[in-house]
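Every number in this text was worked out from the coordinates using simple rules, so none of it is lab data. Keep in mind that what you see is a predicted model, and the values were worked out from it rather than measured. A quick note on method: Cβ atoms are made from the backbone with ideal geometry, for glycine too, and the neighbour counts reach across all protein chains shown.
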Amino acid sequence: MHPHVKKILVSEEEIKKRSLELGKQITEDYNDSERKPLFIALLKGSVPFLAELIKHIDFDLEIDFMDVSSYEGTESLRDIRILKDLDRSILGESIVLVEDIVDTGRTVKEVTRLLMNKGATDVRVVSLLDKPSRREVEVSIDYIGFEIPNEFVIGFGLDFNELYRNLPFVGVLKDECYK
Ligand code: 5GP
């Protein structure tokens, strides 16, 4: 294990097994749809999960990426700024939005609204992790990898100060690493 890691919450094997299950489920759910969904991943955290997940999707698909940052706007309402936009129009498309973790729910809510404004017909959300105890806004997540307790996690795409994204598991850092 990495010397900075206090404990592993979700192991590499568990991530692989669950990604396979989710991939099969998504494949099945779009079985009857003539138009297959476009997979949109949010940079940078969801990249390892996207790569693992799409290995198990059994139809031809396209992927695209968005990078957004949230900031406090007026009256403490969170707003999002697009740092990298989609490569092409999504008018009339079904979307599967791929996230690393849903925490307060604000990112998923705002990005879903944005994608609908761009003309998507429907947006389903798949997230590797869900921290329901931290939710501030209501969001529906269609496919959840793992529900986790209220702890700050790193690994498998998730960072602390841009590090630890390459760890093959999801874990918690030792307290001294946050100093
Ligand atoms: P939300 O908008 O749901 O509050 O936050 C979503 C984003 O916050 C995630 O995509 C992720 O970048 C970040 N985030 C939330 N919880 C954690 C966590 O435990 N660890 C890390 N590394 N990032 C987190």
(message) Taking 0.36 nm per residue of sequence separation and subtracting the Cα-Cα distance, how much length would be gained by fully extending the chain between Asn117 and Phe59, in nm to one decimal?
(response) 18.2 nm
(request) Apply 1/(1 + (r/R0)^6) to the Cβ-Cβ distance of Asn161 and Ile82, taking R0 = 22 Å, and write down the FRET efficiency to the nearest 0.05. (result) 0.45
(message) Neighbour counts of other C-beta atoms within 10 Å: give me Asp100, Asp64 arranged from fewest to most.
(response) Asp64, Asp100
(request) Go through 122-132, 104-114 and give me the packing order, highest mean Cβ count within 10 Å leading. (result) 122-132, 104-114
(request) Using a Gaussian network model of the chain whose springs link C-alpha atoms within less than 10 Å, name the residue from Glu34, Glu52, Glu14 with the highest mean-square fluctuation. (result) Glu34
(message) Using a Förster radius of 35 Å, what is the FRET efficiency between Leu43 and Glu151 based on their Cβ-Cβ separation? Nearest 0.05, please.
(response) 0.90
(message) Give me the one-decimal nm value for the distance between modelled label points at Leu20 and Ser69, 7 Å along each residue's Cα-to-Cβ direction.
(response) 4.0 nm
(message) So if I place +1 on the C-beta of Lys and Arg and -1 on the C-beta of Asp and Glu, and nothing else carries charge, what would the dipole magnitude of region 1-123 be about its Cα centre? I want it in debye, nearest 20.
(response) 380 debye
(request) Would you please classify the overall shape of region 20-159 from the alpha carbon gyration tensor, given that a ≥ b ≥ c denote the square roots of the eigenvalues, rounded means a/c under 1.5, and beyond that prolate means a/b larger than b/c while oblate covers the rest? (result) oblate
(request) When a/c is below 1.5 the answer is rounded, else prolate if a/b is larger than b/c, else oblate, so apply that to region 86-130 with a ≥ b ≥ c taken from the square roots of the Cα gyration tensor eigenvalues. (result) prolate
(request) Kindly provide the helix-only [θ] at 222 nm of the chain, computed as the sum of -39,500 (n - 2.57) over DSSP H runs of four or more divided by all residues, to the nearest 500 deg cm²/dmol? (result) -6500 deg cm²/dmol
(request) Using a/c under 1.5 as the rounded threshold, could you call region 73-153 rounded, prolate or oblate? The axes a ≥ b ≥ c are square roots of the C-alpha gyration tensor eigenvalues, and prolate needs a/b larger than b/c, oblate otherwise. (result) oblate
